[in-house]
Amino acid sequence: MSKNEKILIVDDDENICKTLSLILEKKNYSVDVAHTGKEATELMKHGPVNIVLLDIRLPDMEGIALMSTWRKKYQETDIIVITGHSTVDYVVKVVNQGAFAFLIKPLVMDQLFALINSLMKKQHMNRVLLSIRNVNQMIVKENSPDQLIQKACRLLTEQRGYKTAWINLVSENGKWDTSAESGIGKNFSAYKQQLKDGKISQCCKKVLKISGTLVIRPSDIDCVDCPLHGPDCGQKMMLTRIEYEKNIYGTLAVTRLEEIIIDKEELSLFNEMSGDLGFALHDIILSENFKKSHAELQKLTHDLNERLKEIYCLYGIDEIITLPGINFSEVFNETIRLIQSNWQYPEITEARITFEGKVYKTKNFRKTKWSIQADISIDNVKAGKIEVCYLEKKPDLIQGPFLEEEIHLLQRIANSLVKYIKQQEIKNDLVKAKEKAEESDRLKSSFLSNMSHEIRTPLNAIVGFSDMFGNADIPYEEKERFVPIIKENTNQLLHLVDDILDLSKMESDQLKIFKKECRVSQVLENLVDVFNNQKTGIGKKEIDIRLKTEKQIEELSIHTDPVRLQQVLSNLIGNALKFTESGYIEIGCTVQTKKDGKNDRFIQFWVKDTGIGISEKEQKIIFDRFIKVEGDITKLYRGTGLGLAISKKLVNMLGGEIWVESTPGKGSTFYFTIPVGEVEMSKAKTGPAKKIQETNGSDNWNDKSILIAEDEESNFKLLEIILKKKKANITWVTNGVDAVKACKSKSFDLVIMDIKMSEMDGFTATKMIKKFKKELPVIAVTAYAREEEKEECLLAGCDDIVVKPINIEKLLTTLGKYI
Ligand code: ADP
């Protein structure tokens, strides 16, 4: 036990002093001794003295005089006067000077100790009462739990009511929350650490379970596991739980003087104080909760208000962007107006939208450092931005001067604008698509009327001149002049049909490319021959059609579709001839290497003329379908507007590009490229270019037997007339079954096989004939001109193919090869 309770012995009798101090120190009091009044006055200054045992007769002064000087100064100190006098007057005098008791020498020790005990008890209760009163006064003012418990501990020890005091607060689930102490000092941190680790000391555990006050002594089992066991707490302790209306808030512990017996009054005071603390904590927590809910409510209301503004702003913008006929600038101007009026501080808010180089802003917009912005991005590409600036600084919230809602809102406004911009784009696309569809419709109508003209013109010539053949009044020489006219018009008609077929294949994606090795010079030379023949027929004999190629081209074979290559060149040369009245047409090609690092080679063809030329504007559209430039109204050129569109598609399918360079009045040059492919010029399998000398064979086929399988009589008749001229022997069957039968029963030198026949088609019949007469040549005559069907004929076993309408020359040449 620490010696806090002090007794001062003031006596000039050395023996008495010694005896008393010995006995009192044993009783654990702290004892000071003074032999004179002066010494005693000095010792009184050193700290609180609980009791003074005062001899009334001192060498330097009277004890009574001392008492009168101390009376006001040391009110807490009780004085027991010790004297040899025993008169009533004297006793009254001494008591009036402030003495608490009066003992007459010789001292009866038990009497002295009983007196000291009762004085100590009285003093202790006074201090306890004072502490409790102070605590009660404090708790009504305090509104923080931490402060409350800290101050309570301090007040409980301040007046020496208790030696130490400590409070633990626990949370609702009984876990330790926080602690405060007074009188313990730095050793309390070890205790706190233990609580933090979840180990609540036995004493506290116990008291948390029961109401009322526990008195625990250091020797109790509940006391030994606690870090405070020892000098800090190892004393008699009063412990109670702090509670209010079944809510347990924590524990309150005090240590106190061992000697003073705890009586009922002290216990009930202690309990009362703990109840007051419980109430105070309850009140604080309640008001804290209330404050919290109030703040939350306020925030909710605020958020709701902001959200309402947000909704109003967005709703406004969504309303605007759906207004029919509203334009970009109206939308943007209305948006910045809505932003301004719906922001937190409308009076200082300014907004600006920048979109595709144009700026829309509120009247006083000025870029300040208190700003936020959102990008307007279309398909991940930034096309503009919205900025909102405050003209003055506003208090910084967590997220800056703007509310979090406003930052989100700005991005959502940007998104709404993006939605609007995209809708406009779709609308524009729709308008464009509509215009295109109308244009295409217009083009198709003009194409159809033009087509009708293009079909009727050659047909007119064919029908008219054919009719005239039957007119007996027209002499034979005259009729002979009709033949080239009918031929030319037939060719034109065929060309037209081919173009239309190609176009429909192109449009349904069925145009196929059949690549093989192809000698470029052969293709070019044949074409030049063909067009040189043709030009005379159309009255353009004077136009020089010439070939200009590099030396290396002579040997060049490329891997491409020769039919389609020829078709493109033929279209271009045909156009050149059509649109040129004088001068020349030059056809040529060079080999070039692509500069893409892959070293791919390609061949570039050109067809150059000195014709009417094409204006720059027209150059851009002539490769589109149905485009026919009608610039020169002085001369009407025939044509359908399909040739260049087909050529462009074909060149693209062959892997190249086509373009034109032209000067109106001077002429045009059409260029196109196609890849050389895998065939090398030097390694070309075929030999040097050589013109195939085609022959009709002998004029007399009277020893030859030919089987014609053809279900159309008119077609048979035509073949019959042609072959009769050659005196061939003809057998006619009208279906595949009969053809097979005939070949089995009779020997023929050649079979002409129509493909599309009833009962058995030409493919099957040929296959069957070839099974038993492998050597017998079978020539397919078919109206199917598609490459796939040609392939199928060859696969079925046909030796060659002649395409309808029959070109007599070509038929005889083909038959001549096999007969
Ligand atoms: P068309 O059947 O009308 O010739 P094309 O598609 O071949 O159809 O050509 C389209 C248009 O391009 C022609 O009507 C013509 O106006 C122009 N054109 C084509 N080739 C030439 C050229 N060599 N010289 C001048 N104009 C040309």
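Could you tell me which numbered condition K756 fails, if it satisfies all but one of (1) more than 15 Å from I819 (Cα to Cα); (2) at pLDDT 90 or above; (3) in a loop (DSSP other than H, G, I, E, B)?
Going through the list (1) more than 15 Å from I819 (Cα to Cα); (2) at pLDDT 90 or above; (3) in a loop (DSSP other than H, G, I, E, B), K756 breaks only (2).
Might you let me know whether segment 5-15 holds any residue that is surrounded by fewer than 16 Cβ atoms within 10 Å (Cβ to Cβ), closer than 30 Å to R256 by Cα and not basic (K, R)?
no
For segment 651-666, enumerate the residues that are within 12 Å of the ligand (Cβ to nearest atom), loosely packed, with under 15 Cβ neighbours inside 10 Å and not in a loop (DSSP other than H, G, I, E, B).
E661, T663
Scanning segment 583-592 for residues that are β-branched (V, I, T) and surrounded by fewer than 18 Cβ atoms within 10 Å (Cβ to Cβ), which turns out farthest from the ligand (Cβ to nearest atom)?
V591
Going by the conditions given, is K163 without any contact (Cβ under 8 Å) to a residue 12 or more places away in the chain and either in contact with a Ser or Thr (Cβ under 8 Å, 6 or more places away or on another chain) or of a type in the set (K, R) (or both)?
Taking the combined requirement at face value, the residue does not satisfy it.
Please list, ordered by residue number, the strands (runs of 3 or more DSSP E) wholly in segment 23-128 having 2 or more residues that are modelled with pLDDT of 85 or more.
It comes to 30-34, 51-55, 78-83.
Does T580 count as away from the ligand (no atom under 16 Å from the Cβ), in contact (Cβ under 8 Å) with a residue 40 or more places away in the chain and surrounded by 15 or more Cβ atoms within 10 Å (Cβ to Cβ)?
No, not satisfied.
Residues of segment 141-187 being part of a helix (DSSP H, G or I), over 20 Å from M238 (Cα atoms) and at pLDDT 85 or above, which ones?
K141, P145, D146, Q147
Criterion first (surrounded by 22 or more Cβ atoms within 10 Å (Cβ to Cβ), more than 9 Å from the ligand (Cβ to nearest atom) and hydrophobic (A, V, I, L, M, F, W, C)) does I614 satisfy it?
Spelling it out, it is not the case that I614 is surrounded by 22 or more Cβ atoms within 10 Å (Cβ to Cβ), more than 9 Å from the ligand (Cβ to nearest atom) and hydrophobic (A, V, I, L, M, F, W, C).
Has segment 480-493 got at least one residue that is exposed (fewer than 14 other Cβ atoms within 10 Å of the Cβ), within 30 Å of I603 (Cβ to Cβ), modelled with pLDDT of 80 or more and not polar (S, T, N, Q)?
no
Six or more apart or on different chains, Cβ atoms under 7 Å: show the pairs whose first residue is in segment 176-200 and more than 16 Å from H229 (Cβ to Cβ) and whose second is among the hydroxyl-bearing types (S, T, Y).
Going by the 7 Å Cβ cut-off, the qualifying pairs are D177/S171; S182/T157; S182/T164.
Suppose we filter V530, V523 for residues that are surrounded by fewer than 17 Cβ atoms within 10 Å (Cβ to Cβ) and within 20 Å of L644 (Cβ to Cβ); which single one remains?
Result: V530 is the single residue among V530, V523 that is surrounded by fewer than 17 Cβ atoms within 10 Å (Cβ to Cβ) and within 20 Å of L644 (Cβ to Cβ).
So, in segment 763-795, how many residues would count as being at pLDDT 90 or above and surrounded by 15 or more Cβ atoms within 10 Å (Cβ to Cβ)?
14
For segment 623-650, give me each residue that is β-branched (V, I, T), at pLDDT below 90 and near the ligand (Cβ under 10 Å from one of its atoms).
I627, V629, T640
Six or more apart or on different chains, Cβ under 9 Å: which pairs go from a residue in segment 658-678 that's touching a residue at least 12 places away in the same chain (Cβ under 8 Å) and within 15 Å of Q566 (Cα to Cα) to one that's near the ligand (Cβ under 9 Å from one of its atoms) and assigned to a loop (DSSP other than H, G, I, E, B)? Could you list them?
I658/F623
So, K767, is that one in contact with a helix residue (DSSP H, G or I) (Cβ under 6 Å, 6 or more places away or on another chain) and under 29 Å from Q510 (Cα atoms) or not?
yes
Going by the conditions given, is A180 within 58 Å of the chain's Cα centre (by Cα) and among the aliphatic types (A, V, I, L, M)?
yes
Taking I378 as the residue in question, decide whether it is in contact (Cβ under 8 Å) with a residue 12 or more places away in the chain and farther than 16 Å from Q340 by Cα.
Criteria met by I378.
Which residue out of S446, S508, S504, S521 is farther than 30 Å from Q592 by Cα, in contact (Cβ under 8 Å) with a residue 40 or more places away in the chain and of a type in the set (G, A, S)?
Result of the check over S446, S508, S504, S521: S446.
Within segment 523-573, how many residues turn out to be in a helix (DSSP H, G or I), within 16 Å of the ligand (Cβ to nearest atom) and farther than 23 Å from G655 by Cβ?
Residues meeting the conditions: 3.
The values are calculated or read from the model by the stated rules, or taken from the named source; none is laboratory data. Please read all numbers here as calculations on a predicted model, not as lab measurements. Neighbour counts are summed over all protein chains in view; Cβ atoms, including those assigned to glycine, are modelled from backbone coordinates with ideal geometry.
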